[in-house]
Amino acid sequence: MTRPSMQETFARFRPGVQLGSSGWLTVSQQMIDRFGDATLDHDPMHVDPDWAAAGPFGRTVAFGFLTMSLLTRLFIHDVLGADSSRHDAHDGHYLNYGFDRLRLIAPVPSGSRIRAHFEVLEVRPDDGQRTIVKFGVHVECDQADRPVLVAEWLACWVPPVAA
């Protein structure tokens, strides 16, 4: 069975549709350390377990921007089932368009697991012939009693360029 293209997937988005939940993903200390290396941010709250043990959370926690960056994995790959290969550029392009609202509500402790839940809030065309979709997102953590992230995330479908 072939998966629908991203263009076909975007065409089916309608406000109010619950898109589903991702699988659980473990946020390991190695993942946190690698994110700190990639962003040149070695804040001990995130990358130094000895320092963090005496800190406000009793152990290291994920960078908020790491939690945000995992949304693509949790949505595109887990919920929509897309793989990492690029489709034919003549079919159009899916782009991250940013956020209308985002809050980091609770920390994600190292070694904990997160999963995200997605729904379509709004679908609208813009002046550039693109389709803008606003997704409602909330991320839960197996070691938190409330969501760790809530957001209104925007994505954009750019149609194929006419030849």
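Do we have any residue at all in the stretch 6-17 that's at pLDDT 95 or above and out of contact with any strand residue (DSSP E or B) (no Cβ under 9 Å at 6 or more places or on another chain)? Checking the stretch 6-17: not a single residue is at pLDDT 95 or above and out of contact with any strand residue (DSSP E or B) (no Cβ under 9 Å at 6 or more places or on another chain).
Return yes or no: is P56 at pLDDT 95 or above and not in a helix (DSSP H, G or I)? No, not satisfied. In the set G92, G111, only one residue is among the small types (G, A, S) and either surrounded by 18 or more Cβ atoms within 10 Å (Cβ to Cβ) or on the phi < 0 side of the Ramachandran plot (or both); that residue is G92.
For the stretch 139-157, how many residues meet the condition of being surrounded by 17 or more Cβ atoms within 10 Å (Cβ to Cβ), out of contact with any helix residue (DSSP H, G or I) (no Cβ under 6 Å at 6 or more places or on another chain) and not small (G, A, S)? Before you say what the answer is, go through the steps one by one.
Within the stretch 139-157, the first condition is being surrounded by 17 or more Cβ atoms within 10 Å (Cβ to Cβ), and the residues that meet it are 139-141, 147-149, 151, 153-157.
Filter again for out of contact with any helix residue (DSSP H, G or I) (no Cβ under 6 Å at 6 or more places or on another chain), leaving 139-141, 147-148, 151, 153-156.
From what is left, the residues that are not small (G, A, S) are 139-141, 147-148, 153-154, 156.
Total satisfying the criteria: 8.
So that you can scan it fast, the table gives a plain yes or no per residue for (1) of a type in the set (F, W, Y); (2) in contact (Cβ under 8 Å) with a residue 60 or more places away in the chain:
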site: P15; (1), (2): no, yes
site: L19; (1), (2): no, yes
site: T26; (1), (2): no, yes
site: F35; (1), (2): yes, no
site: L40; (1), (2): no, no
site: V47; (1), (2): no, no
site: A52; (1), (2): no, no
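Selection of the stretch 9-37 for residues being part of a helix (DSSP H, G or I) and more than 28 Å from W157 (Cβ to Cβ) yields Q29, Q30, M31, I32, D33, R34, F35, G36, D37.
Condition check for E122 on (1) out of contact with any Asp or Glu (no Cβ under 9 Å at 6 or more places or on another chain); (2) in contact (Cβ under 8 Å) with a residue 12 or more places away in the chain: one failure, at (1). In the stretch 41-61, the count of residues that are within 22 Å of I105 (Cβ to Cβ) and of a type in the set (K, R) is one or more.
Within the stretch 118-163, the residues that satisfy the criterion of being more than 22 Å from F65 (Cα to Cα), in contact with a strand residue (DSSP E or B) (Cβ under 6 Å, 6 or more places away or on another chain) and not in a strand (DSSP E or B) are D126, R130. Checked against the criterion of being surrounded by 17 or more Cβ atoms within 10 Å (Cβ to Cβ), at pLDDT 95 or above and more than 16 Å from the chain's Cα centre (by Cα), the candidates V47, V27 yield just one match: V47. Beta carbons closer than 6 Å, at least 6 apart along the sequence or on distinct chains, pair a first residue in the stretch 60-71 that is more than 18 Å from L95 (Cβ to Cβ) with a second that is of a type in the set (S, T, Y) for T60/S110. For the stretch 13-26, a residue qualifies if it is β-branched (V, I, T) and either more than 17 Å from H117 (Cβ to Cβ) or touching a Leu at 6+ places or on another chain (Cβ under 6 Å) (or both), and exactly one does: T26. Quick one: which of T39, T9, T26 is closer than 25 Å to R146 by Cβ and either among the polar types (S, T, N, Q) or in contact with a His (Cβ under 6 Å, 6 or more places away or on another chain) (or both)? Only one candidate passes the filter, namely T26.
The values are calculated or read from the model by the stated rules, or taken from the named source; none is laboratory data. Keep in mind the model is a prediction, meaning the values are calculated, not measured. So basically every Cβ, Gly included, is an ideal-geometry build from the backbone, and we count neighbours across all protein chains shown.
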